[in-house]
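Written below as structure tokens is the structure these notes are about.
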Amino acid sequence: MAQEVQYIQVLLPLPLKGTFTYFVPDELRPLVKIGCRVEVRFGRSKIYSGLVESFTEEPPTDYKIKPILDVLDDRPIVGELHLRFWKWMADYYGCSTGEVMSAALPGPMKLHSQSILVRGFAWDEEHDHLSDEAWLIREALTDHSEIDLDEARAIAGRKNIGKFLEELIYNGVVELKEELKEKFKPVSMRHYSIVPKYLKDPGKALDAAKNSNPQTVVLLTLFQKKDEPVPISRLKKNPEIKRHALDALEKKGIIESQKMQVSRLSEENKSFKKAPKLSEEQTQAIRQIKESWRDKDVALLHGVTGSGKTVLYIELIKEVLDKGGQVLYLLPEIGLTQQIIKRIEASLDHPVHVFHSRENVQKKVEVWKAAMDDQGLIIGARSSVFLPCTNLKLIVVDEEHDPSYKQQNPAPRYHGRDAAIYLARITGAKLLLGTATPSLESFFNVRKKKYGYCLLENRYGEAVLPETQLVNIKKARLGKRMKGPFSNELLDEIKSCVEDQKKVILFQNRRGYSPSIQCAQCSWIQECHQCDVSMTLHMRMNEMKCHYCSHTANVPSECPACGSTRLEAIGFGTEKVEDELSLLMPDLKMARMDQDTTRSKKALHKLLYDFETGVIDVLVGTQMVTKGLDFENVGLVGVLNADQLFNFPDFRASERGFQMLTQVSGRAGRSNSPGKVLIQTGNPEHPILQDVLNADFKNFFYRELRDRGKYRYPPFYRNIKLEIRHKDLQVVWKAARIIKEKLEQKFGNRVLGPAEPMIPRIRSHYLLEFMFKVEKDAELLTATKVFTIALLDHVRTKDPFKSLKYKLDVDPV
């Protein structure tokens, strides 16, 4: 930073518009760079770590400029290109750049004065390397269970303690209280090295071990590394090195050992295996993709389930990595795709890093730094688009159709796929979208020649697509051929499949035991007292739970309205499916895969491993079972009730239903043995079910496209959903009438609403929605967002609307 520049524009991780000007003291000017974090005071007493967005020579005159307190980074943690990406995201999705910053940076990079420090996972380990200030803060936590940042400053005797806090957090000595949702263990390993005096006299050391061949092998190995400690995991790779030899040499005082924390990134460097040989169809697909990249930045790989799309990804990724480039591989739900991660790691002789919400904060920081250092391949969920990759050459978006790529709350409500497309544009990277069921928007862009296109019509190797059959449960019920949620046909197929030692997947897209309980006498239904929705029965936990606000209640023993004890469970979820099947077939080994059973990463991995190795015969699950699972020997996929997927007041319900049924069907018969799919429905003539039955994506696409165009939906129009909410029903309707009048004056029939959503009250707030249907015109879209936000901000300055809240969702899914 030039000496004459005295002022900087600082971005704070807060939902506030714009940046804030700060003065740079003389001693800190050489250290400040764009993209570095600085510690600043905001308001009367709060302190935040902000990001330097730009330099300025003219300070504002309407308020007193505060100085920055410290510079936290030796080099920028965010490049100017990624700052541009942040600004685009804020503009497009109608939020502040501070909200984008808050979403982008890992927790330890966003310290503020309200942070509470508690003892970390590595508290009891030795920390002789800590700085004096960091050591003082650690000592204070020996007598106190927690301290805040102001107390930490007083203890350290320094106003600027950002660097010391990061030192403590990074080494696991302390943790932020709000980040203790998931416990984890430190990755530490014993390391061995030659005692310094024997390094100078190798002969003496070898002499002392001449009667033991294992000891000699240990010494020769360690001498090659000189004074560099060698982890025991590396020593054990040599079969001639035994633990007793290490212990004996350490007892003789020739070698020494110490426990050292190893990088979590090293966990992911797996042994290299040669990738499967490409089929002729796959080889042709690679050529097509590369050809399309000559004049287009984006290509869509449309391959049927089991066609080997991952093999193509690996081939393209390897080419980029061999040339020294970086690759970003996006997956919709990282916790559900461990198979893909392992497969890619095993096939690439390059560093592979994983970034997602279930990783601990220390590992997130390490991956962030690895991205800055131009390291290899990064596999992650949608938030990986924020990583500051410096040499990005390829982005792969797997399962590009998946709605999980869309962030819902909090802002920015971005779509990972669309953000990746813009990121590829500004970085010059190529982008590959992959799926068996393309989103209408992506396939529409193919038809408009905006994207390249490649089709894989056949499964890889000898595998064939499964046989799909529709079972009419309406007729089955009339003929008394149903046992609970199971048709006789489905039960027979399950029994036959298990007898043939094949696996079964059952799909029911609703968790819990039952969506509600109802009084048989007066029809009373237990509802959440905070939301206008029935509470779900969870039998295993013996509780009623609201899936919108997480409120729980005891299961009632009698009806509070009439006193009747005849309470019935209405409908069925995954828990009830599992229970009823265990009653019908008690010898089956079953497990359930939903949000309730896979809250931890370990539980999920164990579940998938048990199913893969045959410990489990039948896997019952929600939409989780449709994503990323690639198991051999799955002989049957059963869909308990397909009609639930379509009977939903959402213009995307048909698209999602088609995608989900096609994806879950694709789990069957992925090896040489053919599979079968049974879809239970009360309406087998439904056009979407017929398209699934015939694997006819194009017929579905063109029919859906006609409807979308007729009713002004994407991909022909841009949609923006505005939600307003307030605790007082009268206030929210009064505000809605004012907003409606102003919006209609400006945009006419492009605005629909206000209308109550399907759940009109959540967390004691009443909700109303507006829907904008805007032509695909960039200027009009921008004007719509700017005017709407300004209008809402103005309305909220008046009584009684000051506590009115709103949510703007661009391109809702």
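Among 701-709, 411-419, 11-19, what's the highest-first ranking by average C-beta atoms within 10 angstrom per residue?
In decreasing order of mean packing, 701-709, 411-419, 11-19 become 411-419, 11-19, 701-709.
With an 8 Å cut-off on Cα pairs and a minimum separation of 6 or more residues, tell me the relative contact order of the chain in percent.
So the answer I get is 10 percent.
If packing is taken as the average number of other Cβ atoms within 10 Å across a peptide's residues, how do 713-719, 584-590, 533-539 rank, most packed first?
Listed from highest to lowest mean packing, they are 533-539, 713-719, 584-590.
For Lys159, what accessible area in Å² do you get when you roll a 1.4 Å probe over the heavy atoms of the protein chains, rounding to the nearest 10?
150 Å²
Under a 5 Å amide H to amide H cut-off, with H placed in plane at 1.01 Å, what residues pair with Ser54 once short-range neighbours are removed?
Those qualifying (amide H under 5 Å, at least 5 residues apart or on another chain) are Gln9.
Quick one: work out the % antiparallel among DSSP beta bridges in segment 12-120, nearest 5. Show your work: numbers first, answer last.
Values: 9 of 11 bridges.
DSSP beta bridges in segment 12-120 are roughly 80 percent antiparallel.
If we sort 306-317, 689-700, 794-805, 160-171 on the protection proxy, mean other Cβ atoms within 10 Å, highest first, what's the order?
306-317, 160-171, 689-700, 794-805
Would you mind calculating the gained length between Gln530 and His794 on full extension (0.36 nm times residue separation, minus the Cα-Cα distance), in nm to one decimal?
Length gained between Gln530 and His794: 92.2 nm.
5 Å is the cut-off here: which amide hydrogens, built 1.01 Å from N in the peptide plane, fall below it relative to Val396, excluding neighbours closer than 5 in sequence?
Amide H neighbours of Val396: Leu328, Tyr329, Leu330, Leu432.
Once the dipole of the chain is set up with Lys and Arg at +1 and Asp and Glu at -1 on Cβ about the Cα centre, which of Gln375, Gln518, Ile47 lies farthest towards its positive end?
Toward the positive end, the furthest listed residue is Gln518.
Please give, to one decimal in nm, the separation of the simple spin-label points placed at Leu584 and Lys204, each 7 Å out from Cα toward the Cβ.
Taking the two extended label points, one gets 7.9 nm.
So which cysteines of the chain have no other cysteine's Cβ under 4.7 Å from theirs?
Those would be Cys36, Cys95, Cys389, Cys454, Cys497, Cys549, since no other cysteine Cβ in the chain comes under 4.7 Å of theirs.
Give me, ordered by chain and number, the residues 5 or more places off Tyr460 or on other chains with an amide H under 5 Å from its own placed amide H.
Counting only residues 5 or more places away or on other chains, the set is Ser307, Gly308.
Starting from the Cα of Ala520, step 7 Å toward the Cβ, then list every residue of segment 533-573 with an amide N under 20 Å from that point.
Residues 537-539, 555-573 qualify, since their backbone N sits under 20 Å from the label point.
With both partners inside segment 350-458, how many of the DSSP beta bridges are antiparallel, as a percent to the nearest 5? Don't skip to the answer; put the middle values down first.
Numbers: 1 of 10 bridges.
So the antiparallel bridges in segment 350-458 amount to around 10 percent.
If you place +1 on the Cβ of every Lys and Arg, -1 on the Cβ of every Asp and Glu, and leave all else neutral, what size is the dipole of the chain about its Cα centre, to the nearest 20 Debye?
That gives the chain a dipole magnitude of about 1040 debye.
Excluding residues on the same chain fewer than 8 positions from Lys502, give the aspartates and glutamates whose Cα lies under 20 Å from its Cα.
Glu462, Glu467, Glu489, Asp492, Glu493, Glu578, Asp587, Asp610, Glu612, Asp617, Asp630, Glu632
So what J values fall out for segment 340-352 if you push phi through Karplus, 6.51 cos²θ - 1.76 cosθ + 1.60 with θ = phi - 60°, rounded to Hz, Gly and Pro as x?
Running phi through 6.51 cos²θ - 1.76 cosθ + 1.60 with θ = phi - 60° gives 5, 4, 4, 5, 5, 4, 6, 9, 10, 8, 9, x, 10 Hz.
Name the residue from Gly635, Tyr63, Ser442 whose Cα lies farthest towards the positive end of the charge dipole of the chain, charges +1 on Cβ of Lys and Arg and -1 on Cβ of Asp and Glu.
Sorting the options by dipole projection puts first Ser442.
Grab the Cα-Cα distance for Arg29 and Glu57, subtract it from 0.36 nm times how many residues apart they are, and report the gain in nm with one decimal.
Here the answer is 8.7 nm.
Given a 1.4 angstrom probe, I'd like the percentage of the accessible area of segment 709-806 that is carbon and sulfur, rounded to a whole number.
Of the solvent-accessible surface of segment 709-806, carbon and sulfur hold 51 percent.
Using R₀ = 35 Å, calculate the FRET efficiency as 1/(1 + (r/R₀)^6) where r is the Cβ-Cβ separation of Glu779 and Leu455; round to 0.05.
0.45
Once phi is turned into θ = phi - 60°, what whole-Hz ³J(HN,Hα) does the Karplus curve with 6.51, -1.76 and 1.60 give for every residue of segment 13-21, x standing for Gly and Pro?
Once θ is set to phi - 60°, the couplings for segment 13-21 become x, 10, x, 10, 6, x, 10, 10, 8 Hz.
Residue by residue through segment 366-380, which ³J(HN,Hα) values in whole Hz follow from phi under the Karplus form 6.51 cos²θ - 1.76 cosθ + 1.60 (θ = phi - 60°), with glycine and proline marked x?
4, 5, 4, 5, 5, 5, 5, 8, 6, 9, x, 9, 10, 9, x
Positive end of the dipole of segment 461-501, charges at C-beta (+1 Lys, Arg; -1 Asp, Glu), about the Cα centre: which of Gly479, Leu491, Pro466 has its Cα farthest in that direction?
Of Gly479, Leu491, Pro466, it is Gly479.
Antiparallel as a % of all DSSP beta bridges within the chain, to the nearest 5?
Counting DSSP beta bridges with both partners in the chain, the antiparallel share is about 55 percent.
How much area per residue is accessible in the chain when the probe is 1.4 Å and only protein heavy atoms are counted (Å²)?
Per residue, the chain has 46 Å² of solvent-accessible surface.
For Glu175, Glu632, Glu775, Glu756, write out the residues from largest to smallest accessible area, computed with a 1.4 angstrom probe and no ligands counted.
Per-residue accessible area, sorted high to low, gives Glu632, Glu756, Glu775, Glu175.
Note down the magnitude of the dipole of segment 491-541 about its Cα centre, charges +1 on Lys and Arg C-beta and -1 on Asp and Glu C-beta and zero elsewhere, to the nearest 20 debye.
Numbers: 6 positive and 6 negative charges, 39 e Å.
Dipole of segment 491-541, to the nearest 20 debye: 180 debye.
Around Ile47, with a cut-off of 15 angstrom between Cβ atoms, what is the net charge of the other residues, counting Lys and Arg +1 and Asp and Glu -1?
Every neighbour counted, the sum reads +4.
Could you order Asp247, Asp207 so the one with the most accessible surface comes first? Probe is 1.4 Å.
Ranked list, largest accessible area first: Asp207, Asp247.
Within a Cβ distance under 12 Å of Leu168, other residues only, what is the Lys/Arg minus Asp/Glu net charge?
Around Leu168, the surrounding residues sum to -2.
With a ≥ b ≥ c taken as the square roots of the eigenvalues of the C-alpha gyration tensor of the chain, please select rounded if a/c is under 1.5 and otherwise prolate if a/b is larger than b/c or oblate if it is not?
Oblate shape, in that a/c is at least 1.5 and b/c is the bigger or equal ratio.
Say the cut-off is 29 Å between C-alpha atoms; which of Lys46/Lys721; Lys342/Lys721; Lys406/Lys474; Lys33/Lys87 go over it?
Check vs 29 Å cut-off fails for Lys46/Lys721; Lys342/Lys721; Lys406/Lys474.
Lysines near Lys290 by alpha-carbon distance under 21 Å, same-chain residues fewer than 8 away left out - which ones?
Cross-link targets: Lys277, Lys309, Lys318, Lys323, Lys393, Lys430, Lys448, Lys449, Lys450.
By the scheme Lys and Arg +1, Asp and Glu -1, what is the net charge of all other residues having a beta-carbon under 10 Å from that of Glu723?
Details: positive: Lys721, Arg725, Lys805, Lys807; negative: Glu769, Asp809.
Combined, the nearby Lys, Arg, Asp and Glu give +2.
Any lysines with Cα under 24 Å of the Lys545 Cα? List them, leaving off those in the same chain fewer than 8 positions away.
Counting by Cα, and skipping residues close in sequence, Lys545 has these lysines nearby: Lys181, Lys576, Lys601, Lys727.
How far apart, in nm, are two points set 7 Å out from the Cα along the Cα-to-Cβ line at Ser564 and at Arg294?
If labels sit at Ser564 and Arg294, their model points lie 7.4 nm apart.
Quick one: length gained pulling Phe716 to Gln730 fully straight, 0.36 nm per residue minus the C-alpha distance?
1.4 nm
Give the shape of segment 683-789 as rounded, prolate or oblate, defined through the alpha-carbon gyration tensor: a ≥ b ≥ c are the square roots of its eigenvalues, a/c under 1.5 means rounded, and otherwise the shape is prolate if a/b is larger than b/c and oblate if not.
Taking the square roots of the gyration eigenvalues as a ≥ b ≥ c, segment 683-789 is oblate.
Using unit Cβ charges (K, R positive; D, E negative) and no other charged atoms, how large, in debye to the nearest 20, is the dipole of segment 640-738 about its Cα centre?
Roughly 480 debye for segment 640-738.
Quick one: accessible surface of Asp143, probe radius 1.4 Å, all protein chains present, in square angstrom to the nearest 10.
For Asp143, solvent-accessible area is about 130 Å².
For the pair Leu478 and Glu256, how long in nm is the line joining their label points, each one 7 Å along Cα→Cβ?
Placing both labels 7 Å beyond Cα along the Cβ direction yields 8.6 nm.
The values are calculated or read from the model by the stated rules, or taken from the named source; none is laboratory data. Please read all numbers here as calculations on a predicted model, not as lab measurements. Glycine also receives a Cβ, built like all others from the backbone with ideal geometry; neighbour counts cover every protein chain displayed. SASA here: full protein model, heavy atoms, side chains in, ligands and nucleic acids out. Shrake-Rupley method; radii C 1.70, N 1.55, O 1.52, S 1.80 Å.
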